[in-house]
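Q: Sharing a structure with you now.
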Amino acid sequence: MDDELLILHEGRPGRPEGRLEKSLRAALDGRAVRMVREGEALENRRVLFAFSLPGNGVNTGLYGLLGRLRDHPGCLRGSVGGVVIDGAGDLYTKAAGRDLILAASMAGCTFPGRPLVEATGDLRNFTVQARNAGCGLEEAYRLAVGSLAERVTGFTPRRRARPKVVALHASSRATSNTLALWGRVRERLEGSCDLREIGLRNGTLEDCAGCPYTTCLHFGEQGGCFYGGVMVQEVFPAIREADAVVLLCPNYNDALSANLTAAVNRLTALYRTTSFEDKAVFAIVVSGYSGGDIVAGQVASALSVNKGFWLPAGFCLLETANDAGAAMALPGIEERLEGFAKNLLAQVGGIQP
């Protein structure tokens, strides 16, 4: 894979240049970039996906791309990507970016940490970045696009001969389909990884209470958090050392479970002082009826887009099972578990699937 950056953009000939086009042109000036040609294969490439959203949030070109990615697993195999979404209003940019990242990951694309640049209509979402950089909102937007392009072209996953993998869950071992699937994945990883499993059951974890930035930073610099507990005693040390984090996610009402959500929120204190850019995130999601893609999108958004973990191709295993034990009776489940374990080892351990 070379370092040439391909731009996949829905721009139409003859249409006036908009804010997205101007920002791309300014941010990518001097870089080796070109537009994706119609029908061009995108395996083993570095790709920046860039889409504008009208006020209603519906870009038909983007929906067409989602359809192609979902219809053709492997069409982005070996590629590294980033996403820029430019919106006309305050809504829909994050959702559009999350959906595209999930579909591209399942099609074989890897994403570096913080793979989404979103620009809301008035660019107020760049207020902090502009203040920190001492510039205006539009310049902060262009700087963010330039930074993303640099990370996409320069990204190489860190691989270890014996990677350290930590799994986080908040489930009951006696009844959890999610833990049952993880148990079979764990069997396949033993001997090749250093494995650690941390349970976050009721009574062990307090949610983030939104401490002031200075308070959070202070405790983060001390290696902890104001609320202490299992996060400081077990989770923070494990994640500092980890090469990969696996979230074990039963689908509760189309959302991450309360304790896993709390754990993600509490990671903010560690994120203040510790880069997660060399740490991968994976997920096993089991739904009773449907909606596993919603939870997988939440994992990608919370841990990769917001917290900076890199997102491997095929990072999630999505299954549907209701009654206790039903997941292990699903047709073809052993082959999918084998594939998930091999992909994890290929992504962070360098062992080819």
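The values are calculated or read from the model by the stated rules, or taken from the named source; none is laboratory data. Treat the numbers as computed from the prediction; the structure is a model and nothing was measured. Here the Cβ positions follow ideal geometry from the backbone for every residue, glycine too, while neighbour counts run over all protein chains shown.
Q: Can you give me the number of residues within the stretch 91-106 that are touching a residue at least 60 places away in the same chain (Cβ under 8 Å) and either more than 16 Å from Leu311 (Cα to Cα) or of a type in the set (Gly, Ala, Ser) (or both)?
A: 3
This table checks each residue for (1) assigned by TED's automatic domain parsing to the domain that holds Gly39; (2) part of a loop (DSSP other than H, G, I, E, B); (3) surrounded by fewer than 19 Cβ atoms within 10 Å (Cβ to Cβ).
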| position | (1), (2), (3) |
| --- | --- |
| Gly81 | yes, no, no |
| Val84 | yes, no, no |
| Lys94 | yes, no, yes |
| Ala104 | yes, no, no |
| Gly108 | yes, yes, no |
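Q: Given the criteria touching a helix residue (DSSP H, G or I) at 6+ places or on another chain (Cβ under 9 Å) and among the β-branched types (Val, Ile, Thr), does Thr178 qualify?
A: yes
Q: Next question, about the same structure. Given the structure, is Leu62 part of a helix (DSSP H, G or I), under 27 Å from Ala283 (Cβ atoms) and touching a helix residue (DSSP H, G or I) at 6+ places or on another chain (Cβ under 6 Å)?
A: When the stated conditions are applied, Leu62 does not pass them.
Q: Which of the residues belonging to the stretch 57-90 are more than 20 Å from the chain's Cα centre (by Cα) and either at positive phi or touching a residue at least 12 places away in the same chain (Cβ under 8 Å) (or both)?
A: Matches in the stretch 57-90: Gly57, Asn59, Gly61, His72, Gly87, Ala88, Gly89, Asp90.
Q: Would you confirm whether or not the stretch 282-294 contains a residue that is at pLDDT 95 or above, outside any strand (DSSP E or B), closer than 13 Å to Cys249 by Cα and under 14 Å from the mean Cα position of the chain (by Cα)?
A: Scanning the stretch 282-294, I find at least one residue that is at pLDDT 95 or above, outside any strand (DSSP E or B), closer than 13 Å to Cys249 by Cα and under 14 Å from the mean Cα position of the chain (by Cα), so the answer is yes.
Q: Continuing with the same structure: Name the pairs: first residue in the stretch 20-35 and of a type in the set (A, V, I, L, M, F, W, C), second residue modelled with pLDDT under 95 and part of a loop (DSSP other than H, G, I, E, B), Cβ to Cβ under 8 Å, at least 6 apart or on different chains?
A: Qualifying pairs under 8 Å: Ala32/Asp3; Ala32/Glu4; Val33/Glu4.
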